[in-house]
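Asks: The structure under discussion is supplied below as structure tokens; questions concerning it will follow.
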Amino acid sequence: MPLSPSLLPIRMLNEYVYCPRLFFLEHVEGRWEENEYTIQGSAVHRRVDKLDHVLPDAENDTVTDNVSIQDSQGDEPPVISRSVPLSSEILGLSAKLDLVSSDGREAVPVETKRGKVPKNPERSHEPERVQLMAQGLLLREHGYECDHGVLYFAASRTRVEVPFTAELEAATRDFIVRAHAASLTTVLPPPLDDSPKCIGCSLNGICLPDETLALQAVVTNEQQTRRLFPLRVHATPFYVQEHGATVGKSSETLVVRKEGVELGRASLKDVSQLVLCGNVMVTAQAMHLLCEKNIPVVHSTMGNWFYGVTAGFGLRNSFDRAAQFEMASNEIRCLGFAKGLVEAKALNQRTMLRRNGDGTEEPLDSLARLTKRVQSVESIEGLLGLEGAMAATYFGAFGSMLRSQHVDTTFDFTKRNRRPPTDPVNTLLSFTYSLLAKEFTVALYTEGLDPWWGFYHRPKHGKPSLALDLMEPYRPLIADSAVITAINTGMIRGSDFTRSKAGCMLKDTGRKAIIKAFEARLDHLITHPEFGYRCSWRSALRVQVRLLARFLRHDIPDYKHIVTR
Ligand code: SF4
């Protein structure tokens, strides 16, 4: 049955009663994440669809979908119907009911829940009761008499009868009106404060309730910010670097083959992005599945010249992009934002030199002096000039962080050069900056922002300006750090490069090694300086991109960069 967009799915009514912010993220913006509870819930629904014992009088009979069955006395038993689609323009609701037991004009909706019976007096939670009542209202609209429903708790195999009282009906009708109004707003509702509901919420890593409240200064400094998302991001990029390979799919798994031989595979749930390096093909079926699952496909050359992303429709959050363009047209806000980026980058460059350099004070003092000038700069051009002076200071001392230079002069470094880089260290730096730009571009796409429209780097064809903006503070901490580790630990050697008049290039072995070092750096755990919890760099960067969207929509007053000490 084609459903009108003005009809509210009853499942979303449940979400609204649970948390209006969850409703907004899921229903208005189209966000979805699985967690153990949502996976269990889907499994239980699939399983219970096949069970006969859900209804009291089914144990002696065979129950089939939408079939009336005679019991041993010959009386007419209830008709059991499963996955029943119903809608009502009057109520403004649509639903697929798990199960309906009907007997003549009487009908009882039965809704399955994955957990145990709650230990409260009602033996159910309010969102569940409202959801069931709304199903009852739909059945009444379709001519049935319906005075109660049943919640079936799969984990305790228990049925709880919910009477459809006048109070429950009034509350449900009120929630329907409010949820419809909420679906038309453009303002993200505030997060729940220190609520246990957030712990089990599958969107907690997107919502960032505690981080938002901390940045809004709603909570006191003593209140700990809970890290509700996993320590490390489970899904990671899947790189395919074999010239002439094809990526296909088998069920929900990506399979890489070349000349009929399987080279590798990855389950889609473990893949955050598919990265195609050079001449690698993707079948139409695999591409459709990746778009459907909102997993971006990144296209790059073998040298990791990043030249495009294929993505599905993504989120319904065009207001975030409108806010992004609005800010991009405000020169004062852009300059303020750019100052924050440059300042954070310089502080992080200084930290890198202080931690890993030879202890020479001069570049540290120079970077500190230059950083102090950032806030007094009056134009983007002035800021670019100052950033250039910082880069000259930092890269002038960069070689002091490379410990292997006394055994391998391949890694001598005097100054930054590019397009093309002419020596191995510059080749590695350019390569990892490209990986970092790709990381932010994909994160911005996934968040529904436009990577091509920046605030500091001006829009230019083929340049992901916003990604280049956001990555500035993390160049030293992630890209440079990966390069230094790869060189100093011998992961990369002089033999991993070729040199010609066209510049210095990585061989296959070198490319694989530096990608490994870069990905390991993203998985490295840090203590978040703002929120105080442990998380991987990959998680921290994802949080940064989400917080940017919140900042653009004025959900949080300020956008802070990560600065380490
Ligand atoms: S994390 Fe908490 S505040 Fe955020 S959507 Fe989920 S329940 Fe609501």
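The values are calculated or read from the model by the stated rules, or taken from the named source; none is laboratory data. None of the values given here were measured: they were computed from a predicted structure. With ideal geometry, Cβ positions are generated from the backbone for all residues, glycine too; neighbour counts draw on all protein chains shown. Note: accessible area is taken over every heavy atom of the protein model, side chains too, but ligands, DNA and RNA are not part of it. Shrake-Rupley method; radii C 1.70, N 1.55, O 1.52, S 1.80 Å.
Asks: For segment 278-300, enumerate the residues that are under 22 Å from Leu506 (Cα atoms) and either in contact (Cβ under 8 Å) with a residue 40 or more places away in the chain or among the basic types (Lys, Arg) (or both).
Replies: Val280, Val298, Ser300
Asks: I'd like to check something: does segment 413-425 contain any residue that is modelled with pLDDT under 90, at positive phi and not in a helix (DSSP H, G or I)?
Replies: Checking segment 413-425: at least one residue is modelled with pLDDT under 90, at positive phi and not in a helix (DSSP H, G or I).
Asks: Condition first: more than 13 Å from the ligand (Cβ to nearest atom) and among the aromatic types (Phe, Trp, Tyr). Can you find one or more residues in segment 211-232 that meet it?
Replies: No, segment 211-232 has no match at all.
Asks: For residues that are part of a helix (DSSP H, G or I) and among the charged types (D, E, K, R), scanning just segment 183-210, find the one that is farthest from the ligand (Cβ to nearest atom).
Replies: Asp210
Asks: Within segment 11-26, which residues are in a helix (DSSP H, G or I), open to solvent by 10 Å² or more (accessible area, probe 1.4 Å) and near the ligand (Cβ under 7 Å from one of its atoms)?
Replies: Matches in segment 11-26: Tyr18, Leu22.
Asks: Still on this structure, please answer the following. Of these, Val309, Val342, which one is of a type outside the set (Asp, Glu) and modelled with pLDDT of 95 or more?
Replies: Val342
Asks: Could you list, in sequence order, all residues of segment 429-461 that are part of a loop (DSSP other than H, G, I, E, B), open to solvent by less than 10 Å² (accessible area, probe 1.4 Å) and closer than 25 Å to Val377 by Cβ?
Replies: Matches in segment 429-461: Gly454, Phe455, Tyr456.
Asks: Could you identify the single residue in Val108, Val54, Val100 that is closer than 15 Å to Gly149 by Cβ, open to solvent by less than 50 Å² (accessible area, probe 1.4 Å), modelled with pLDDT under 50 and not charged (D, E, K, R)?
Replies: The unique qualifying residue is Val54.
Asks: Can you name the number of the only condition in (1) assigned to a helix (DSSP H, G or I); (2) open to solvent by 30 Å² or more (accessible area, probe 1.4 Å); (3) among the hydroxyl-bearing types (Ser, Thr, Tyr) that Thr172 fails?
Replies: It is condition (2) that Thr172 fails.
Asks: Let me ask another. Identify, by number, the condition in (1) under 34 Å from the mean Cα position of the chain (by Cα); (2) within 21 Å of Arg418 (Cβ to Cβ); (3) open to solvent by less than 20 Å² (accessible area, probe 1.4 Å) that Ala397 doesn't meet.
Replies: (1)
Asks: Looking at (1) closer than 14 Å to Arg11 by Cβ; (2) modelled with pLDDT of 95 or more; (3) of a type outside the set (Gly, Ala, Ser); (4) open to solvent by 10 Å² or more (accessible area, probe 1.4 Å), which one does Lys113 not meet, given that it meets all the others?
Replies: So Lys113 meets the others, but not (2).
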